[in-house]
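*Asks:* The structure that follows is given in the form of structure tokens.
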Amino acid sequence: MVEAVNEIARAESGRQVATVGKLEVRPNAPNVIPGLVRHTVDIRDLSPENVEKLGTVNRQARESDRFEQPDGTKYSPILNPHQSKII
């Protein structure tokens, strides 16, 4: 997912950026496959329209089968209480 966020931003022409700013991994222990990973996605551009467009592309990628794994791994966005909406 981290790499995909960057790929989505770079696929569009312009100066926009999209990054994963924070990872919270549980359990955060060596040699343990995490049962839960939370992360933030920051999309920035001078144009609010471009931010909205990249948010739409990001949402479509999440909803596709691109991140489905044979082991049952799921991607579920959670709204940050400091954020007005999921884009």
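*Asks:* Modelling each spin label as a point 7 Å along the Cα-to-Cβ direction, I'd like the R59/V32 distance in nm, to one decimal.
*Replies:* 3.5 nm
*Asks:* Given +1 on the Cβ of Lys and Arg, -1 on the Cβ of Asp and Glu, and no further charges, what dipole in debye does the stretch 2-67 carry about its Cα centre, rounded to the nearest 20?
*Replies:* Dipole about the Cα centre, nearest 20: 180 debye.
Values in this text are rule-based calculations from the coordinates and carry no lab data. In this text the structure is predicted, and so the values were computed from the model without any measurement. Using ideal geometry, Cβ is built from the backbone for each residue, glycine included, and neighbour counts are taken over all protein chains shown.
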